[in-house]
Amino acid sequence: MNFECVKCKEVVELGRLKTTNLKHPDEGELTWYYFECPKCFEQFSAFYKNDEVKALELEADKWEKRKKSPHLKAKAKHELAQVWDRRAVIMARLRAELDGGHVADDGAGAMAEQGTPGVPSEGAAP
């Protein structure tokens, strides 16, 4: 997946996300997932995770295993969908609140897309 860096205009391939642990006065411990332009080293946010998101991912793993059981399959699918929806809402809130707070430059998270954003799809935990 390729992106054009808004700072240096280099077209770069989105590689593996980097992580940094942060402490936030309201959110507590957070993990910031981001990627960096290999030419100018500008950092761009992908997403954030707090303890609540991490707990939801563990809960999703449990429901994923329960989906294999014939008598729990329907309930597991329903519960799993609810867990991923809650996770998505929290992650969107974190990004809206935190983007720009520590990202270098005022282009926080801004990359001109040439494809699909690099945020994992439902069920894919980095």
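The numbers here are math on the coordinates, done by the rules we state, and not lab data. Keep in mind that this is a model prediction, so the values were computed, not measured. Glycine gets a Cβ as well: all are built from the backbone with ideal geometry, and neighbour counts include every protein chain shown.
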Seminar exercise, completed: Using alpha carbon positions and the Kirkwood radius, the Rg to Rh ratio of the stretch 2-114 is 1.09
For this session: Go through the stretch 70-79 residue by residue and turn each phi into a ³J(HN,Hα) via Karplus (6.51, -1.76, 1.60, θ = phi - 60°); whole Hz please, and just put x for glycine and proline.
Result: x, 7, 10, 4, 5, 5, 4, 4, 5, 4
Seminar exercise, completed: Checking the stretch 10-89 for chymotrypsin sites (Phe, Trp or Tyr not before Pro) in a loop per DSSP with at most 15 other beta-carbon atoms within 10 Å yields Phe41
Exercise. How do Arg87, Arg93, Arg66 line up, fewest other C-beta atoms within 10 Å first?
Worked result: Arg93, Arg66, Arg87
